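A.B. asks: First the structure, then my questions, so here it is.
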Amino acid sequence: MLEGHEVWTWPENRTMPRRLLLERIADAHGALVMLTDRVDDEFLEAGNRLTVVSQMAVGVDNIDLDACTRRGIPVGHTPDVLTETTADMAWALLAAAARRIPEGRDYVLGGHWQEWDPDLLLGSDLWGTTLGIVGMGRIGAAVARRASGFSMRVVYNSRSPKPEVEEQTGAAYRGLADLLSEADHVVVTAAYTPETHHLIDHDALVRMKPTATLVNIARGPLVDPAALYQALRSGRIGSAALDVTEPEPIPADHELLSLPNCLVIPHLGSASRGTRLAMATRAVENLLAGVAGRRLPWCANPGVYN
Ligand code: DGY
């Protein structure tokens, strides 16, 4: 596939063991990594011939960008191609949790469906309500665009107001505390950084409405799992739907999985066939550019070129 290059590929469909990764990286000029690989000083020291690190994901919180920049190593990632697919999944999760679809499925599979019941599994409406979006990057904006189909108003919070998105979607900027109390449902799309660790904690959750659904489509550690468990169990909020968890993968006996109002899926936001192919293609294009000494088409640390 990569003419003129010797390519070594980890053949197994699971994260490469760290020791082996550090061994194999020693000879490499370029590395194509997954979001489950930690790219830190140890990795970069082991791979001291690397001229590029290319990640097949848009989020790069597993990569120490400063350490790469200090060593003059550009980091590739895959923005844009997964935006719409991930926004679709945010809406799928929101609708599923707010309207209690997984509980309905369990009810049918459990043989409990005997007759139509006017009180059965009543959920929260989406249409006509207010959606709060935490983080207004590409994915946040794509989530906001879809809200008009449900006649929803959008409020959002991000590091700074985004006038273009406001113009396109009618979304209104709010401080985080105001957003949480005003929104009927909240979707988290923010980037994970040390500053956003447990952004949705106990104090945040107590501001939300008791009928609200919380969706996390970004990174697990944006939400404090212990606080979420308490909020869901006590009925402080209505439901949650998590594409991402802390820890990830979440163990099957984790307390959150014991709650009927918590839907968890295994980090599938961008998992459509077309999008994963587009991500892989971008990752390879970044890799090839890097080993050829060309500027990466999609670079997460452009400061490396200054
Ligand atoms: C990303 O790209 O950062 C997603 O989490 C995986 O699609």
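A.B. asks: Given the structure, is Thr86 among the polar types (S, T, N, Q), under 18 Å from Ala283 (Cβ atoms) and more than 16 Å from the ligand (Cβ to nearest atom)?
C.D. replies: No.
A.B. asks: Additional query: Where residues in region 188-221 are touching a residue at least 60 places away in the same chain (Cβ under 8 Å) and open to solvent by less than 20 Å² (accessible area, probe 1.4 Å), which of them is farthest from the ligand (Cβ to nearest atom)?
C.D. replies: Among residues in region 188-221 that are touching a residue at least 60 places away in the same chain (Cβ under 8 Å) and open to solvent by less than 20 Å² (accessible area, probe 1.4 Å), the one farthest from the ligand (Cβ to nearest atom) is Ala212.
A.B. asks: Here are the criteria: (1) open to solvent by less than 60 Å² (accessible area, probe 1.4 Å); (2) hydroxyl-bearing (Ser, Thr, Tyr); (3) away from the ligand (no atom under 16 Å from the Cβ). Tell me which single one Thr78 does not satisfy.
C.D. replies: Just one mismatch for Thr78, condition (3).
A.B. asks: Can you name the number of the only condition in (1) within 22 Å of His267 (Cβ to Cβ); (2) assigned to a helix (DSSP H, G or I); (3) open to solvent by less than 20 Å² (accessible area, probe 1.4 Å); (4) without any contact (Cβ under 8 Å) to a residue 60 or more places away in the chain that Ala95 fails?
C.D. replies: The one condition Ala95 does not meet is (3).
A.B. asks: Okay, moving on. List every residue pair whose Cβ atoms sit under 9 Å apart, with the two residues 6 or more apart in sequence or on different chains, where the first one lies in region 60-73 and is free of Cβ contacts under 8 Å to residues at least 60 places away in the same chain and closer than 15 Å to Gly47 by Cβ and the second, anywhere, is open to solvent by 50 Å² or more (accessible area, probe 1.4 Å) and outside any loop (DSSP other than H, G, I, E, B).
C.D. replies: Asp64/Asp41; Ala67/Asp41
A.B. asks: Sticking with this one: Return yes or no: is Glu12 away from the ligand (no atom under 16 Å from the Cβ), acidic (Asp, Glu) and over 20 Å from Val291 (Cα atoms)?
C.D. replies: Yes, satisfied.
A.B. asks: Quick one: which of Pro260, Pro247 is open to solvent by 50 Å² or more (accessible area, probe 1.4 Å), under 16 Å from Ile217 (Cα atoms) and away from the ligand (no atom under 15 Å from the Cβ)?
C.D. replies: Residue meeting the stated conditions: Pro247.
For every residue, the table says whether it meets (1) open to solvent by less than 20 Å² (accessible area, probe 1.4 Å); (2) of a type outside the set (A, V, I, L, M, F, W, C).
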position	(1), (2)
Glu45	no, yes
Val52	yes, no
Met56	no, no
Asp66	no, yes
Gly72	no, yes
Arg99	no, yes
Pro102	no, yes
Val108	no, no
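The values are calculated or read from the model by the stated rules, or taken from the named source; none is laboratory data. Just so it is clear, the structure is predicted and the values come from calculations on it, not from any experiment. Here Cβ is always computed from backbone atoms with ideal geometry, including for glycine, and neighbour counts include all displayed protein chains. For the accessible areas, the whole protein counts, side chains as well, though only heavy atoms, and no ligand, DNA or RNA atoms are used. Shrake-Rupley method; radii C 1.70, N 1.55, O 1.52, S 1.80 Å.
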